[in-house]
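Chemist: Please find one structure pasted underneath; my questions will follow.
FYI, it's all coordinate maths here, none of it is from the lab. Please read these numbers as outputs of a predicted model, since none were measured by experiment. FYI the Cβ positions are ideal-geometry reconstructions off the backbone, even for glycines, and counts take in every protein chain you see.
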Amino acid sequence: MTTLSAPATPRRRRAKAPGGAAGLWTATPMTRLVLAVTIIISAFPLYYMIVIASRTNTEATDMPPPFLPGGKLGENVQRVLSNPDAHYLTGLTNSLIIAATVTVSVVLISTFAGFAFARLQFKGGKILLLLVLLTMMVPLQQMGQVPLYRLMVSLEWVGSIKAVILPFLLNGFGVFLMTQYTEQAVPNELVEAARVDGASTLRIWWNVILPAVRPGMGVLGINTFMLNWNEFMWPLIVLNPDNPTVQVAINSLNAKYGTDYVLIFSGTLLSILPLIVVFILFGRQIIGGLMEGAVKA
Amino acid sequence: MSLHVDAGHPTRAPMPPSRRHVRPRPGRSFLTWLDLKAAPYLLVSPYYLLFLVFGLFPLAFTLYYSFFDYDLTGTVEWTGLGNFTALLDDADFWKAVVNTLAMFVIATVPQILLALLLANALNKRMKAQLFVRLGVLLPLVTSVVAVAVVFTQLYGRDYGMVNWVLSWFGIDPVSWKTERLPSWLAIATMIDWRWTGYNAIIFLAGMQTIPKDLYEAASIDGASRRRQFWQITVPMLRPTMIFVVLNSTIGGLTLFSEPTTFYNGNVHGGTNSQFQTVSMFIFEQGFREFDYGYASAAAWLLFLLILIGSAINFLLIRRIGGNK
């Protein structure tokens, strides 16, 4: 990309009209300013989280507010972890287990279904796929919460993370994405050729499909992980405060210690660390996946 | 593993010659059947099993519950459409509908415009492209609850940074949580902070599919850049725009986490429910008042609201994009 921008400079010089087509693609100072301001606004609340999380409550309510981090981060994090109402460490562990289990399962289920929809002919396939698309429009979270809750009550699962994991395995977006991805990444001839060679369906999935759709699985996996890490409403309904997810733990802090800003901010900061790690490791893939998905949808 | 002999022919044409090789051994033909005919269904079955249990069953029961009256003592009584008529007469429900729609509009309109402009800026040639895009997408890595916690502090009446900045311009401290319009604005900014960059990246993807010679032709005709943006970019982005707007509609009308966290985890949405959304109303009816029937009926009305909202927005975008 950077090599591409080098020859652009002389071309810009040649374009005379201000509305020239070549000029349209060069960044003006205005563009740079817009982008710089956007990035500052994007980063500021995250930065501010660090500032407050590393201060004392007196400093946090100072006027003017503090702009630089202090030295109390370790102490504040200790207070979060040892807080008797939040069960923060349990929440962190639960969230990790839930997000990881859901991610692995959703990716597998979607890859299976995507293979069938994209590259196998079967009666009713089209209708079944259409059904997936239709259900993506239904806000199941709101529409199904009461019966689902009562189901969990009768199964005696309320308070257990099973009750959070299972409903989230249903992910129409994943099936849709993997169908699209398989269609694009695996030519039909490849599947036919494997058939001629005598491969069974399962073998084709393992040897032909899986290696080709791995990038798509990655994108879906990252998405699913972030989505489930963030999930708030259903865990709030179905879990008890003593066995929470990390979001529910923050909510308990927020509800009980509303003015203890440094405590809440430290908990919040801790809760987004896994997401930041994912973002740093897979940022390129996240953007690539978003952009590809957007064009196809 | 024993399938390699007769699994050889392509799926669609069961050719007679290869049939002949198949001995009438029941085990073998069962495996072939399993591999060719049943395998697709087996592959999609996990999704549909989950869909039955966690999708269709709850939906059907939400409808069923909505015809009954539940009270705290545990009595259940058939009311027919009673819950629905009661909802339509319930000022609290309507208040939640107005709050939801208002926050949706206040958040979405500027967000779409900003995202378009931002995407246009991202579409230029520049150095450190990946870094810039990641920077724009940074808000996505914070959890919704985290965003809401930080913004709630920023919007604090006495020690919040927003009021501090406003005081430079001689504006008296605004009580962001207790007044209706300010609370809507505060929540709308939380939504916009998180989603504008995301939508800009989606728009950017759409922009990159627009053929560049369209712009070249337009600039030869002397169209200004601004004109090119509104007359070429925006109309050509229509499919992407529909995707973004429908996504925002579903997300905006089911808003829950931000306003709940804004009121310290309480679903009542402020002392006077001034920022209670329909989602919070359903939660409150179902899990604070334990009126399952009423909550279920409200959920169906929310669904109706989403359908109407999506249809209106869909038609709107089609018209905006249509007048080239």
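Chemist: Given springs between every Cα pair under 10 Å in a Gaussian network model of chain B, which of B:Ile171, B:Ile306, B:Ile201 has the largest fluctuation?
Modeler: Checking each option, the largest mean-square fluctuation is seen for B:Ile171.
Chemist: Now a separate question. What is the Cα convex hull volume of the range B:135-270 when expressed per residue in Å³?
Modeler: 147
Chemist: A further question on this structure: Once Rh is set to the Kirkwood radius over Cα pairs, what Stokes-Einstein translational diffusion coefficient, in µm²/s, holds for the protein assembly as shown at a temperature of 4 °C and a viscosity of 1.567 mPa s?
Modeler: Value of D from the Cα-based Kirkwood radius: 48 µm²/s.
Chemist: In addition: Calculate the tail of P(r) for chain A: the fraction of all Cα-Cα distances greater than 34 Å, expressed in %.
Modeler: The answer is 43 percent, as a whole percent.
Chemist: While we're looking at this one, here's another question. Taking the Cα centre of the range B:85-322 as the origin and placing charges on Cβ (Lys, Arg +1; Asp, Glu -1), which of B:Gln231, B:Gly270, B:Asn163 is farthest toward the positive end of the dipole?
Modeler: B:Gln231
Chemist: Nearest 20 debye, what's the magnitude of the dipole of the range A:84-256 about its Cα centre given +1 on Lys and Arg Cβ and -1 on Asp and Glu Cβ?
Modeler: 260
Chemist: Distance between Cα centroids, the range B:116-156 to the range A:139-169: provide it in whole Å.
Modeler: 33
Chemist: Provide, as a two-decimal number, the C-alpha radius of gyration of the range B:85-322 over 2.2 N^0.38 Å, N being how many residues it has.
Modeler: Normalised by 2.2 N^0.38 Å, the Cα Rg of the range B:85-322 equals 1.16.
Chemist: Between the range B:254-324 and the range A:27-81, how many Å separate their Cα centres?
Modeler: Answer, in whole Å: 31.
Chemist: Roughly how big is the protein assembly as shown's charge dipole about its Cα centre, with Cβ charges of +1 (Lys, Arg) and -1 (Asp, Glu), in debye to the nearest 20?
Modeler: Dipole size: approximately 3260 debye.
Chemist: Right, another one. Which one, A:Val213, A:Gly198, A:Asn240, is farthest towards the positive end of the dipole of the range A:110-262 when Lys and Arg carry +1 and Asp and Glu -1 on their Cβ?
Modeler: Sorting the options by dipole projection puts first A:Gly198.
Chemist: Below 8 Å between Cα atoms, with a sequence gap of 6+, how large is the relative contact order for the range B:85-322 in percent?
Modeler: Reported relative contact order: 27 percent.
Chemist: Determine the alpha carbon to alpha carbon distance for each of A:Lys126/A:Lys162; A:Lys256/B:Lys177; A:Lys126/B:Lys212 and list only those over 24 Å. The partial results should precede the final answer.
Modeler: Working: A:Lys126/A:Lys162 32 Å; A:Lys256/B:Lys177 18 Å; A:Lys126/B:Lys212 36 Å.
Long pairs (Cα-Cα over 24 Å): A:Lys126/A:Lys162; A:Lys126/B:Lys212.
Chemist: Another one. Just to verify a number: FRET efficiency for A:Leu227 and A:Leu68, C-beta to C-beta distance, R0 = 41 Å, to 0.05?
Modeler: So, using R0 = 41 Å, E works out to roughly 0.75.
Chemist: Within the range B:216-324, report the GluC sites (Glu not before Pro) that DSSP leaves as loop and that have at most 16 other Cβ atoms within 10 Å.
Modeler: The qualifying sites are B:Glu289.
Chemist: Between A:Met137, A:Met63, A:Met30, find the one with the highest GNM mean-square fluctuation for chain A; connect C-alpha pairs within less than 10 Å.
Modeler: A:Met30
Chemist: At 7 Å along Cα-to-Cβ for each site, give me the label-to-label distance between A:Asn240 and A:Ile50 in nm.
Modeler: For the pair A:Asn240/A:Ile50, the computed spacing is 3.9 nm.
Chemist: Then there is this: Dipole size in debye (nearest 20) for chain B around its Cα centre, Lys and Arg Cβ +1, Asp and Glu Cβ -1?
Modeler: The dipole magnitude comes to about 2220 debye.
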